[in-house]
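The structure appears below as structure tokens.
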Amino acid sequence: MIPIRHSFTAIVFLISAYTQAQVQPCIDVRTTRRNTGAGQGVYDFNNKWTPGATLKVSFMNGSDWQKEKVKQYAIGWCRFANVKFDFISQGLGEIRISFDKKGSYSYIGTEARNRNANEETMNLGWIENSKTDAQLKSVILHEFGHTLGLLHEHMNPLSNIKWNKDVVYAYYMQYQGWKKEMVDQQVFDRYSVTMTNKSYDPKSIMHYPVSANFTLDGYSVGANYDLSESDKKLIAELYPFNKEVSLENKTTLWSKLQDLNIEYNITENGKLGMKIKQNFLIYNAQNSKCIMAVYFYNADDGKALEDNDGIQASADGKVAAYTTFTPAYQNTQFNDLSVFMPYDELELGNGIFRLKCYVALFDPNLKVITSSGYQYFTYSNGINCKEVKVQSQYDDTNQRVVITPVFTIENAKGVACHAVAYFYDERGIPLKDLNNQYVTRDGTVSSTVDFTPGYSTTLYNNSQVDFKIYLPYSELHLLKGSYKLQYKVVLFDDKWNTIVNSPLYNFSFTQN
Ligand SMILES: [Zn+2]
């Protein structure tokens, strides 16, 4: 578990020549950073509460009007998330709200448990009469988004905002009193992990407003006042409603599923994996040997993961994990009956995968008693780059081919990678080098550029130029004439293992 914490800041008025927008930047203090480089495991959802949970919320202080506003707007999440807020007037809740500290902030998800019981887990410093209801709703939804485990959207690994760093440094240093490192950490840095939207969503309630003079290309993001469509989708995946799949019930056994809780990235018997824990009531099953099974699917295409090694497989060859249980009574309550799924049994190889799983209970004749709704998670393993697209230009002035590979690479932060362009004739036969320049070990004409990703998810040549690969025409070593040639780009890791190949591209070339 990686603690992620969120701290306070002051209200700020961002004033430009023509507009006056209000920026309410939260500070996200992460006590530890995620490891860099290649990793394995589930990389989000670590701070979420159990779906279906009822979170008790208490107030440390504040007026009735302030409390009513919080109650009114916080539940905006609950239409889309299977989680409830129980505002209690006596005692301390898991979520404790104050109104009297500086700024607005909230602990991220279950990190609230790490806070001393007599201290607030959220402060709402801007709940004042002078604000419009839209502003109040905005800040309350934003902070409760953190409480549900969401992070800042402008730090989404895919955000790629081209900050005008000098302007942004100056602004936050002057108006917030932040140090340079703080600006790096709170504004420029991008999460290596996401509890943000899967694709970058500037409409997210979790996005800071961004003024156009903060960016090199005039990109800006206005204040967001409500949940975006992506916010609703994400929170629904994080906290799915437990839609029991009502299959034709051919058994006299009956069960009511309760909380389903998954612990990720834990080790059992020396293997890294996930533990799925289900609470349920089961009826008419005394002394019957039943089965609890968990099935795994790709969340993008809905296909079941195929099992190849016969381990952790269901009868039909799909990836599943299961355990047996025998109720002792006619009606029996099971708490935290668990199944462990080692990640390597998911048989996915390298990459980043959006997965989902569900729990099913079977009677002794393998008839389904009941099953749960889907639980979503993201699993990553090793360096990942799905594809490289390549653009090329013929720079006759400088007599060279200019190749621009466009790609997104994940889990390679700090790894010294290589991009190599290889050149072939029209039959696909490698062009041979003659002078030992622009060459691979086997003598093929090639050109190499080294690059080291700065983020766990890094975009190259996406909307700005990061690097290009050059090959002087003379290095093609061709006699006078016209040629149809081909090239491709291959990315390698620091040990020269292939990460990904581009397709072969054709081009015409005339040697004068
Ligand atoms: Zn925030």
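The values are calculated or read from the model by the stated rules, or taken from the named source; none is laboratory data. Everything quoted here is computed from the prediction, not taken from an experiment. Every residue, glycine among them, receives a Cβ derived from its backbone with ideal geometry; neighbour counts consider all protein chains shown.
Got at least one residue in segment 125-134 being under 27 Å from the mean Cα position of the chain (by Cα) and within 14 Å of the ligand (Cβ to nearest atom)?
No.
I want to confirm something. Restricting to segment 142-157 and keeping residues that are within 10 Å of the ligand (Cβ to nearest atom) and in a loop (DSSP other than H, G, I, E, B), which single residue is surrounded by the most Cβ atoms within 10 Å (Cβ to Cβ)?
Out of the qualifying residues, it is L150.
Does Q393 fit the bill of being without any contact (Cβ under 8 Å) to a residue 12 or more places away in the chain and of a type outside the set (A, V, I, L, M, F, W, C)? First the steps, then the outcome.
On the way: without any contact (Cβ under 8 Å) to a residue 12 or more places away in the chain: yes; of a type outside the set (A, V, I, L, M, F, W, C): yes.
Taking the combined requirement at face value, the residue satisfies it.
Quick one: G103 ticks every box in (1) surrounded by fewer than 18 Cβ atoms within 10 Å (Cβ to Cβ); (2) in contact (Cβ under 8 Å) with a residue 24 or more places away in the chain; (3) within 20 Å of T132 (Cα to Cα) except a single one, so which number is it?
The one condition G103 does not meet is (1).
N114 versus (1) polar (S, T, N, Q); (2) more than 16 Å from the ligand (Cβ to nearest atom); (3) over 27 Å from G52 (Cβ atoms): which is the lone unmet condition?
(3)
I'd like to check which strands (runs of 3 or more DSSP E) are fully inside segment 1-118 and have at least 2 residues that are modelled with pLDDT under 85 and closer than 30 Å to T452 by Cα. Before the answer, list the steps.
On the way: elements: 12-15, 20-23, 40-42, 54-59, 84-87, 95-98, 104-106.
In segment 1-118, 40-42 are the strands (runs of 3 or more DSSP E) which contain 2 or more residues that are modelled with pLDDT under 85 and closer than 30 Å to T452 by Cα.
Quick check on segment 285-305. Is at least one of its residues charged (D, E, K, R) and either surrounded by 19 or more Cβ atoms within 10 Å (Cβ to Cβ) or in contact with a Leu (Cβ under 8 Å, 6 or more places away or on another chain) (or both)?
First pass over segment 285-305, keeping only residues charged (D, E, K, R): 289, 300-301, 303.
From what's left, either surrounded by 19 or more Cβ atoms within 10 Å (Cβ to Cβ) or in contact with a Leu (Cβ under 8 Å, 6 or more places away or on another chain) (or both): none.
No: segment 285-305 contains no residue that is charged (D, E, K, R) and either surrounded by 19 or more Cβ atoms within 10 Å (Cβ to Cβ) or in contact with a Leu (Cβ under 8 Å, 6 or more places away or on another chain) (or both).
Take the residues of segment 162-190 that are among the aliphatic types (A, V, I, L, M) and more than 16 Å from the ligand (Cβ to nearest atom): which is surrounded by the fewest Cβ atoms within 10 Å (Cβ to Cβ)?
So in segment 162-190, the residues among the aliphatic types (A, V, I, L, M) come out as 167-168, 170, 173, 182-183, 187.
Adding the requirement that they be more than 16 Å from the ligand (Cβ to nearest atom) leaves 167-168, 170, 173.
Numbers: V167: 14, V168: 20, A170: 12, M173: 14.
Among them, the one singled out is A170.
Which of the residues spanning segment 463-512 are polar (S, T, N, Q), within 20 Å of N384 (Cβ to Cβ) and not in a strand (DSSP E or B)?
Within segment 463-512, N497, S502 meet the criteria.
Applying the selection to segment 381-399, what residues are at pLDDT 90 or above and among the polar types (S, T, N, Q)?
T397, N398, Q399
Looking at segment 111-137 only, could you name the residues that are closer than 17 Å to L151 by Cβ and surrounded by 20 or more Cβ atoms within 10 Å (Cβ to Cβ)? Talk me through it step by step, then tell me what you get.
Of the residues in segment 111-137, the ones closer than 17 Å to L151 by Cβ are 111-112, 114, 121-122.
If the condition is that a residue be closer than 17 Å to L151 by Cβ and surrounded by 20 or more Cβ atoms within 10 Å (Cβ to Cβ), then E111, A112, T121, M122 are the ones that fit.
Exactly one of these conditions fails for T323: (1) surrounded by fewer than 17 Cβ atoms within 10 Å (Cβ to Cβ); (2) touching a helix residue (DSSP H, G or I) at 6+ places or on another chain (Cβ under 9 Å); (3) of a type in the set (V, I, T). Give me its number.
All conditions are met except number (2).
Would you check which residues across segment 191-229 are under 18 Å from the mean Cα position of the chain (by Cα), at pLDDT 90 or above and surrounded by fewer than 21 Cβ atoms within 10 Å (Cβ to Cβ) and list them?
P202, K203, S228, E229
Which residue is surrounded by the fewest Cβ atoms within 10 Å (Cβ to Cβ), if the candidates are limited to segment 396-407 and must be assigned to a strand (DSSP E or B) and touching a helix residue (DSSP H, G or I) at 6+ places or on another chain (Cβ under 9 Å)?
In this case the residue turns out to be R400.
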